[in-house]
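Asks: Handing you this structure, nothing more for now.
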Amino acid sequence: MVRVVRTKVEIEGRTHEEVVVVEGEEPAAWAAGELHHVGQATVRVDGVERVTGSARYTSDMQLPGMLYAAVARCPHPHARLRSLDTRAAEALPGVRAILTHENAPPIPWHGKASRVFDTELRHEGDEIAAVAADDPETAERAARLIRAEYEVLPYVIDAEVAMRPDAVQVHPDGNVLKDEDGNEGETYTRGDVAKGFGAADVVFEGRFSTAAQMHNALETHGSVVAWDGPTLTIYDSTQAIFNVRNRLAQSLGLPLTDVRVIKNYVGGAFGAKLGAYKQTLIAALLARSTGRPIHLMLDRRAENLVAGHRAPSIQHIKVGARKDGTLTALEMRIICPIGAFGMWAPSVGGPAKEMYTIPNMHIQTFGVRVHTGSHSAFRAPGYVEGAVALEGALDEIAAQLGLDPLAIRLKNYAAKDPGSDQAFTAKHLDECYRRGAERFGWAGLRKDLTAARKASGAGSAGTALLRGIGMASQNWGGGGGPTAQALCRINSDGSVDVQCGSQDLGTGTRTVLAQIAADALHLGMDRVRVLLGDTDKPYAPLSGGSMTVASVGPAVRMAADEARKQLLEIASAFMDTAPDRLEIRDGRIVRQGQADRSMSIADVLKEIGDYQIIGKGFRGPNPPEIIRTWGAQFAEVTVDPVTGHVQVVRMTGVYDTGRVINPLTYTSQIHGGIVQGMGLAVTEGRTLDPTSGKSLNANLEEYKLPTIADLPQIDVTWIGEPDFQANHLGAKGIGEPPIIPTPAAIANAVADALGVRVFDLPITPERVLTALAGGMA
Amino acid sequence: MDPFEHHNAATVAGAIELLTGNATGAQAARPISGGTDLLTTMKAGLRAPVRLVNLKTVRGLDSIVDYAGTLRLGALVTLDTLEHNGLVAERYRALADAAGLAASPQLRNMGTLGGNLAQESRCAYYRNADFPCWLKGGTVCYAREGDNAHHAVFTDDSPCVTVHPSDPATALLALDATLTIQGAAGERRVPIGDFFTLPRADHRQLTILGPADLITGIELPPLPAARSASRYLKAMDRATWSFALAGVAVALTWTAPGSGLIESVRIALGGVAPVPRRAAAAEDYLVGKQLNAATAAEAGRLAVQGAASLAHNAYKVRLLAGLVARALAATVPT
Amino acid sequence: MAEEIQLRVNGQAHNVTLPATRTLLDALRGDLGLTGTKKVCDQGQCGACTVLRDGMAVYSCLTLAIECGDSEITTIEGLAAPDGTLHPIQQAFLDCDGLQCGFCTPGQVLAAKALLDRRPQPTAADITRGMAGNLCRCGAYPGIIRAVEQAAQRGAGTSPAHSQAGASGGG
């Protein structure tokens, strides 16, 4: 019997209500005593495929008769397509099809704002035509041979300019996103800000900015598609197979049964692959017109132009505090250019709203459309950027008051959600601070650095390396929620497959789910195979929002638990014992307290012939309390005053995300978050040509990803206390938490080293040297 | 890439013949050795040579030979070999360091010294086929008004404000290298300072190489071992694998071993002008001086005399002055 | 212009007819079906396409296939034994979780192989320098460093690729 319940689910910093269909009872909180695999450092179950090159990623798919496709793109930020001449491309031997706005169906895209091939082109890289050819070189060459004539139109790429009433309009409904009441921007208010600042003894006011961070997942976006009669199979480099299926079915007018999306391995995603992109539809159309499978992967340049990015942010922040460090008020005005078709503004105000007990607050967030490719989610969108301004402002207040940055954070510690006064399911951030400070040697280092600076006389005139330390806090969701479903099937030979339409992005999902299933079944991991990444499997949500373990994990546990119960019930018929007196031990079904009365699983299964035991599991509703993940990071940097180079020397991170299922992959997630956060802090940022609006670093040469030589020493630890109020596993997500405080902690450490703050990220040599020269950084 | 003919040259003369007299401009035949620069220009649509002439099949171009103290490097010596060759590291450390600081291990395995010297501008506008910039034959230097944070602070009236990307070039300029160039008209020996050339309206490239010219060798003059030193320092915008924000090579001779008194010095600056350049005023100042923190700093100050920064690269002037002083200080015998 | 050449990859000879424009990367992936070598930037800016050419780590995206006729190429598919036994470097990447999405991993493993062939007992600085030509966007660098260290400890520097065993091209 099914029931219907309503619950709150948070994804990427935004909460919505979801209807959950509930069938049966979820298992109870999982006690540590029941666990043999969960909690153990476990090498990846798909690691061999990944280290031998046998893992098949989307771009590796090669289907019989497959053609390669390439896309011709608009070189201008804003233009109207006057004419297209495809004759030279068509004449090239090996070219099989060319699609343009003239011969492709006008399928709407970006809501109703555009279509698959539009004639008004609103960003550099907007698609104008696509070619399918026998090999990749021919496709790429043919795309280059397509001649397009444009009427180049006025454009706007600067968000502050785009907000002006007389600005060039990206769409007829205005450049600034509106709230539900039709007002520009989103406004959040609590308390009385004027009164709060009135009560303040000190006020800090500043303007921070962060750059567009490009995901640059090493596997670009793309699809390999094939039609078989009316049904379409799509291999997609995605973190959301069901979203891709829904979108393609809708665009092509197909029932869901006729679209299957498969993703076995994906070469990185980081939030940019949460839905269908236009190239998948283009590939499907080319496959239909040629009758051949199509391979369409973006090239690196297109990946940087059209496949999403972390929106830049401009953050005006004002914070007031009493002499004792008590924060009294905060005001933020946040501006984020979200590209031509952005539909939401990142939650840059998220950290400020939730992190500290600030009673009076006014935050305005403006998502502004500009003539660039659209932004997308990127690992904790908004929170990473927002932490830079919030944590930076806190350090500035602490400096004004002569307080330890750690002390001011503890002083304003929020035991409950400061906005709603609701309880959290769990919060051990204070313990994260304490352990982090101890492991890092925070207090001692602060003392030493202060003494050393006094001794040498403050000065940036020298050429010796400048050393500094900084810290920052992190809050994020990661509690997951419904809907997630799973099946667990015990085959007649005793092997087990767990089926779930989730995705492993390299985060370790397959491994973690195998650990969970093995423990729920009371079997070894070698018996269990986890099948993911296929819309033929039960529904699982997109792999994002740090929600996979907490959403899919409980469903898999329940499915495996149900399968185990069925197995015991079946065994009871042959063992003449009530099922609740049976248990599984070392691959045998044993009567409790009577080890000699046992039967091998194989023998039980032999009795039932070809019958497959199938357990079903689902993810139940969330509790009314607020589920959050917490963490603190400490950074040590050196800055070379001659070259302006910032080297992050050391990072310590302490996390509270509930139970840790796999310490090995958990640690890797934290390493990855810190490395990416460091990129945002010191090396990464899209540069747009101020005179033409075109990207100048849509590649991996001028867009600087961190290298192995940029790596700091990283020390990682965690609290590990299960959060059973959140879900019966007690586990929450770790995907996004580790990137959130990194740029803030590094920026604070650089400010400590320089004695002057660089407010704009990335903190490049240019900005460091400009700041040291006393100019505006 | 557009289709091309591919020929394996057996001899230098054969290569020159294959390079002579076919298409011009972007379609002109090109020699290929490591391919690490040429193929990127072809993939970007900047070059579409009708013919590639493979030099790797010419024997003997990758040797390193010591002729009575003069070191002769074949043009096809890889950067990796330069970094690890004992003779180079011992006598011409600036060059070994420059080679080791260039690019990545794989690119150093592939890239050759000749190709490195002949590489094209890395200016983002130049590399993007959508910008018909002046250096590519257009009318506008987009970097002048655009994003020029990485561009020249010495432009010397060049219409183009790119910077030369080679690390070894800067080191070779400080080390007073001479190049051997072979072309249709025979062999020339060219001091490296004359090999690089500011681009002009009728010569929009950074070297004197003609379409059928090949660098075949690089010669390093002897340095008095006991009383000379050289260094190369490079500033980058990440820890490694980046073109220089500025590179500084110094090569100097002391009056006597351990004296610290400078007899002669050459300072070369890279990443700050369309071609590597000498810091003549700083060199003149240092001759006869004791090298110490103060004289090094003054040399740094003099090295940036005449610098004229663009809108976004004033920081490079400060950086360059500091790097010159640091490179000099690094040569002080300990 | 197409040319018939013999490509020797992982100890096996393949006679193929290739256009001059074809990179070694595209030839390995498209013509030989060896898709373990990854295409990421196609411009020599990331390291994912790293293969060994006569034992030397190179970027296959900036190598013309028709120039490789005299070379012995080793790709990721050539490291493990036919019975599936991993090369010690692969085993170390697995054990140390020196990977996340895995897309850079084949290139990383081959860069590590070239490094350890040259320096069987590398210092920390050797590892950082030797692995600097391979970007990992997931940030698995700490695990990669541990993996190279572990592989060195287990003597990977003297372990030929399976396909190189008995051949002279390993060093």
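The values are calculated or read from the model by the stated rules, or taken from the named source; none is laboratory data. These numbers come from a predicted model, not from an experiment. Here Cβ is always computed from backbone atoms with ideal geometry, including for glycine, and neighbour counts include all displayed protein chains. Quick note on the areas: whole protein, heavy atoms, side chains included, nothing else; ligands and nucleic acids left out. Shrake-Rupley method; radii C 1.70, N 1.55, O 1.52, S 1.80 Å.
Asks: Compute from the Cα atoms of segment B:175-306 the Rg and the Dmax, the latter being the longest Cα-Cα distance, and quote both in angstrom.
Replies: 17.0, 51
Asks: Taking only the Cα atoms of segment A:658-709, how large is their convex hull per residue, in Å³?
Replies: Hull volume normalised by residue count: 116 Å³.
Asks: Oh, and also: What value does segment B:1-47 have for Rg/Rh, both radii from Cα atoms and Rh as Kirkwood defines it?
Replies: Ratio of gyration radius to Kirkwood radius for segment B:1-47: 0.96.
Asks: If we restrict to alpha carbons, what Rg and Dmax does segment B:257-332 come to, in Å?
Replies: That works out to 12.5, 45 Å for Rg and Dmax.
Asks: Viscosity 1.567 mPa s, temperature 4 °C: Stokes-Einstein D of segment A:544-603 from its Kirkwood Cα radius, in µm² per second?
Replies: Translational diffusion coefficient: 102 µm²/s.
Asks: Report the paramagnetic label zone for A:Asp448: residues of segment A:741-757 whose backbone N is under 16 Å from a point 7 Å from Cα along the Cα-to-Cβ axis.
Replies: Once the point is set 7 Å along Cα→Cβ of A:Asp448, A:753 turn out to lie under 16 Å by backbone N, inside segment A:741-757.
Asks: What is the pair-distance distribution P(r) of segment A:675-757, computed from all Cα-Cα distances in 5 Å bins starting at 0, with each bin given as a whole percent?
Replies: Reading the bins upward from 0: 3, 11, 14, 17, 14, 14, 10, 7, 5, 3, 1, 0.
Asks: Would you please classify the overall shape of segment A:637-777 from the alpha carbon gyration tensor, given that a ≥ b ≥ c denote the square roots of the eigenvalues, rounded means a/c under 1.5, and beyond that prolate means a/b larger than b/c while oblate covers the rest?
Replies: Note, shape of segment A:637-777 comes out prolate.
Asks: At 7 Å along the Cα-to-beta-carbon direction for both B:Ser63 and A:Asp228, put a label point, then send me their distance in nm to one decimal.
Replies: Output for this residue pair reads 6.4 nm.
Asks: Do the alpha carbons of any pairs in A:Lys353/A:Lys704; A:Lys565/A:Lys616; A:Lys263/A:Lys704; A:Lys704/A:Lys732; A:Lys318/A:Lys704 sit beyond 21 Å of each other, and which pairs?
Replies: Over 21 Å apart, Cα to Cα: A:Lys353/A:Lys704; A:Lys263/A:Lys704; A:Lys704/A:Lys732; A:Lys318/A:Lys704.
Asks: While we're here: Considering only protein heavy atoms, with the full assembly of protein chains and a 1.4 angstrom probe, order B:Thr295, C:Thr158 by accessible area, largest first.
Replies: In descending accessible area the options line up as C:Thr158, B:Thr295.
Asks: In addition: Could you compute the FRET efficiency for C:Gln121 and A:Glu438, with r as their C-beta to C-beta distance and R0 at 35 Å, rounded to 0.05?
Replies: Working from the Cβ atoms, E equals 0.50.
Asks: If r is the Cβ-Cβ distance from A:Asn491 to B:Glu5 and R0 is 60 Å, what FRET efficiency results, to the nearest 0.05?
Replies: 0.50
Asks: Still on this model: Could you run the numbers on buried accessible area between C and A, total for both chains, 1.4 angstrom probe, in Å² to the nearest 100?
Replies: Approximately 3800 Å², summed over both chains.
Asks: Now, a different point. Which aspartates and glutamates, on any chain, are close to A:Lys454 with Cα under 18 Å apart, when same-chain ones fewer than 8 places away are left out?
Replies: A:Asp404, A:Asp752
Asks: If you bin the C-alpha pair distances of segment A:342-495 every 10 Å from 0, what whole percents do you get?
Replies: 8, 27, 27, 19, 12, 5, 2, 0
Asks: Take the eigenvalues of the Cα gyration tensor for segment C:2-56, scale each by 5, and report the square roots as semi-axes in whole Å, largest first.
Replies: Those come to 19, 14, 10 Å.
Asks: While we're on this one: Go through B:Val304, C:Val109 and list them by solvent-accessible area, largest first, probe radius 1.4 Å.
Replies: Highest to lowest solvent-accessible surface, that is B:Val304, C:Val109.
Asks: What's the percent breakdown of Cα-Cα distances in segment B:110-241 across 10 Å bins, shortest bin first?
Replies: Binned Cα distances yield the sequence 11, 36, 35, 16, 3, 0.
Asks: Let me ask you something else. In Å and on Cα atoms, what radius of gyration and Dmax does the protein assembly as shown show?
Replies: When restricted to the Cα atoms of the protein assembly as shown, Rg and Dmax are 31.2, 104 Å.
Asks: Aspartates and glutamates near A:Lys694 by alpha-carbon distance under 13 Å, same-chain residues fewer than 8 away left out - which ones?
Replies: Within reach: A:Glu124, A:Asp126, A:Asp158, B:Asp130, B:Asp147.
Asks: Taking the Cβ of A:Leu729 as the center, what net charge do the other residues with Cβ under 12 Å away carry, scoring Lys and Arg +1 and Asp and Glu -1? Before the final figure, lay out each step's value.
Replies: Working: positive: A:Arg557, A:Arg619, A:Arg659, A:Lys732; negative: A:Glu26, A:Glu34, A:Asp519, A:Asp561, A:Asp723.
Residues close to A:Leu729 contribute a combined charge of -1.
Asks: Still on this structure: Once B and A are treated as a pair rather than alone, how much accessible area drops out, both sides summed, in Å² to 100, probe 1.4 Å? Numbers along the way, then the final one.
Replies: On the way: alone 14300 and 29630 Å², together 41200 Å².
For B against A, buried area totals roughly 2700 Å².
Asks: How many Å² of accessible area per residue for segment B:1-97, probe 1.4 Å?
Replies: I get 40 Å² per residue for segment B:1-97.
Asks: If each of A:Leu252 and C:His14 carries a label point 7 Å out from its Cα toward its Cβ, how far apart are those two points in nm?
Replies: Here the modelled spin labels are 3.0 nm apart.
Asks: Please state, as a whole number in µm²/s, the translational diffusion coefficient that the Stokes-Einstein equation yields for segment B:1-119 at 25 °C and 0.890 mPa s, with Rh defined as the Kirkwood radius across alpha carbon pairs.
Replies: 162 µm²/s
Asks: Further question: Any lysines with Cα under 19 Å of the A:Lys323 Cα? List them, leaving off those in the same chain fewer than 8 positions away.
Replies: The reachable lysines, counting only those whose Cα sits under 19 Å from A:Lys323, are A:Lys195, A:Lys411.
Asks: Enter the per residue convex hull volume of segment A:543-646, computed from alpha-carbon coordinates, in Å³ rounded to the nearest integer. Each step should come with its number before you reach the end.
Replies: Working: hull volume 26.2 nm³, N = 104.
Spelled out: Cα convex hull of segment A:543-646, divided by residues, is 252 Å³.
Asks: Another question about this same structure. Work out the P(r) tail for chain C: percent of alpha carbon pairs separated by more than 24 Å, whole number.
Replies: Beyond 24 Å sits 30 percent of the P(r) for chain C.
Asks: Kindly state, as a whole number, the per residue volume in cubic angstrom of the convex hull around the alpha carbon atoms of segment A:137-293.
Replies: Hull volume normalised by residue count: 240 Å³.
Asks: How big, on average over all directions, is the shadow cast by the Cα convex hull of segment C:99-146, in nm²?
Replies: Numbers: hull surface 11.7 nm².
Dividing the Cα hull surface by four gives the mean projection, 2.9 nm².
Asks: What does the charge add up to near B:Leu302, with Lys and Arg as +1, Asp and Glu as -1, over the other residues with Cβ less than 13 Å from its Cβ?
Replies: The answer is 0.
Asks: If you average 1/r over all unlike Cα pairs in chain B and invert the result, what Kirkwood radius do you get in angstrom?
Replies: Taking every pair of different Cα atoms in chain B, averaging 1/r and inverting gives 20.2 Å.
Asks: What is the ratio of the Cα radius of gyration of segment A:426-524 to 2.2 N^0.38 Å, where N is its residue count, to two decimals?
Replies: Against the compact-globule rule of thumb, the ratio is 1.98.
Asks: Run the quick spin-label model on A:Arg144 and B:Ser264: label points 7 Å from Cα toward the beta carbon, then report their separation in nm to one decimal.
Replies: 4.8 nm
Asks: Can you pull out the trypsin sites (Lys or Arg not before Pro) in segment A:396-460 that DSSP calls coil and that have at most 14 other Cβ atoms within 10 Å?
Replies: A:Lys416
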